[in-house]
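Here the structure comes first, spelled out in structure tokens, and everything after it is commentary.
The values are calculated or read from the model by the stated rules, or taken from the named source; none is laboratory data. All values derive from a computational prediction rather than experimental measurement. Positions of Cβ are generated from backbone atoms using ideal geometry, with glycine treated the same way; all protein chains shown enter the neighbour counts. These accessible areas exclude ligands, DNA and RNA; they are computed on the full protein's heavy atoms, side chains included. Shrake-Rupley method; radii C 1.70, N 1.55, O 1.52, S 1.80 Å.
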Amino acid sequence: MNRIVNWGIIAPGKIASKFASDLKLVNGARLYAVASRDVNRAKKFASDYNAKKAYGSYEELVKDPEVDIVYIASPHVFHYEQTLLCLNNGKHVLCEKPMGMNAQQVEELAQVAKEKNLFLMEALWTQFLPSFKKLKEIVTSSIIGDIRYIQADFGFKATYDIMARTFNKKLGGGSLLDIGIYPVFFALELAGKPEEILASTIIGQDGVDESCSMVFSYPSRGLMANLASSFLVDTPTEAIVCGTNGYAKLNTRWHTPTNLTLMINNTEELIRFDQSVYGYKYEIEEVVGCLNRGECESELFPLSKSLLLHQTIDAIREKIGLIY
């Protein structure tokens, strides 16, 4: 019989709250501890989500022998050091995306996890959603024919605040790392590494990209992907893959639990999925399954995919001159 997996959470903010809500829905998993630099905030979160322990430092949490795995939900720029802290204290890790600020950090974390025989995964939850899994099945089955065009966007009009993670360069701000990572992931997952990359951006007064536009080209396959992210406007936030026989579209907001429109030979079908949960439960179920099987990586989203994702983002950043 599989034992209960005890989770710890670092940085109890908005995303962590959604994660903790879905964690309650997963068999064989429970929230055991939460850590914040503000112990009162940790205690409030622990009370809200029935965690047994609340800590005022991350070091206390990772030294708790009852914690099996840590979910890291802090701003981007802290992910590398906090993941390293957990791994060096023998904890498995699920780290919010982006797992590092560049591919080198991701590669280093993967190497440490391998050396210590610990589970590590970047929390790109979209990979595990039923709607995205169905889209991949449609593409693989060739129902819509040979893929020729991909389009994905993610944009919202963010309230300007230099102290917020969205615009603060010291916190890894900018649309590419925060939300552009989703369209990049979408193209890589469906088409693989691009043969050519074009990119342009609007750099704001604080030195981060407020909007980013990317084109991935695959000339040898007659395939192109148009991708975009923005903090300046609300965009449709849809993702579509077009083939020679039709197209499949993940409807807004495509990176979350949503429905799917399938168009084949001018016949449209709407495929619905459960949208009653935040959607984090699916990645949690994957992680719990991996831990119970003694696996250190997810077959669905292994570290090699995270590394390719960050290598691609690094290439885009080089094109637009974005340096952290």
Picking from GLY207, GLY294, the residue that is outside any strand (DSSP E or B) and in contact with a Lys or Arg (Cβ under 8 Å, 6 or more places away or on another chain) would be GLY207
Within region 101-132, restricting to residues that are within 30 Å of ASN266 (Cβ to Cβ) and under 15 Å from the mean Cα position of the chain (by Cα), the one that is surrounded by the most Cβ atoms within 10 Å (Cβ to Cβ) is PHE132
The lone condition ASN265 fails out of (1) at pLDDT 95 or above; (2) open to solvent by 30 Å² or more (accessible area, probe 1.4 Å) is (1)
When region 13-72 is checked residue by residue, the ones that are in contact with a Gly (Cβ under 9 Å, 6 or more places away or on another chain), assigned to a strand (DSSP E or B) and either more than 17 Å from LEU94 (Cα to Cα) or not small (Gly, Ala, Ser) (or both) are LEU31, TYR32, VAL34, LYS53, TYR55, ILE69, VAL70, TYR71
From the option list GLU286, GLU295, GLU238, single residue qualifying as open to solvent by 40 Å² or more (accessible area, probe 1.4 Å) and more than 30 Å from ASP161 (Cβ to Cβ) is GLU295
Those residues of region 56-75 which are under 20 Å from MET121 (Cβ atoms), touching a Leu at 6+ places or on another chain (Cβ under 8 Å) and either among the basic types (Lys, Arg) or open to solvent by 10 Å² or more (accessible area, probe 1.4 Å) (or both) amount to TYR58, ASP68, PRO75
Counted residues in region 156-174 being touching a residue at least 60 places away in the same chain (Cβ under 8 Å), among the hydrophobic types (A, V, I, L, M, F, W, C) and part of a loop (DSSP other than H, G, I, E, B) come to 3
Going residue by residue through region 209-217, is there one that turns out to be closer than 22 Å to LEU135 by Cβ and surrounded by fewer than 21 Cβ atoms within 10 Å (Cβ to Cβ)? yes
Just one listed residue, out of LEU232, LEU227, LEU177, LEU190, is within 24 Å of PRO75 (Cα to Cα), in a helix (DSSP H, G or I) and in contact with a helix residue (DSSP H, G or I) (Cβ under 9 Å, 6 or more places away or on another chain), and it is LEU177
query: Do the conditions hold for ILE150, that is, is it within 22 Å of ARG253 (Cβ to Cβ), in a strand (DSSP E or B), open to solvent by less than 20 Å² (accessible area, probe 1.4 Å) and among the β-branched types (Val, Ile, Thr)?
result: yes
Note on region 169-187: residues out of contact with any Pro (no Cβ under 8 Å at 6 or more places or on another chain) and either open to solvent by less than 20 Å² (accessible area, probe 1.4 Å) or at pLDDT 95 or above (or both) are GLY173, GLY174, SER175, LEU176, ASP178, ILE179, GLY180, TYR182, PRO183, VAL184, PHE185, PHE186
In the set LYS18, LYS53, LYS14, LYS24, the lone residue that is among the basic types (Lys, Arg) and crowded, with 18+ Cβ neighbours inside 10 Å is LYS53
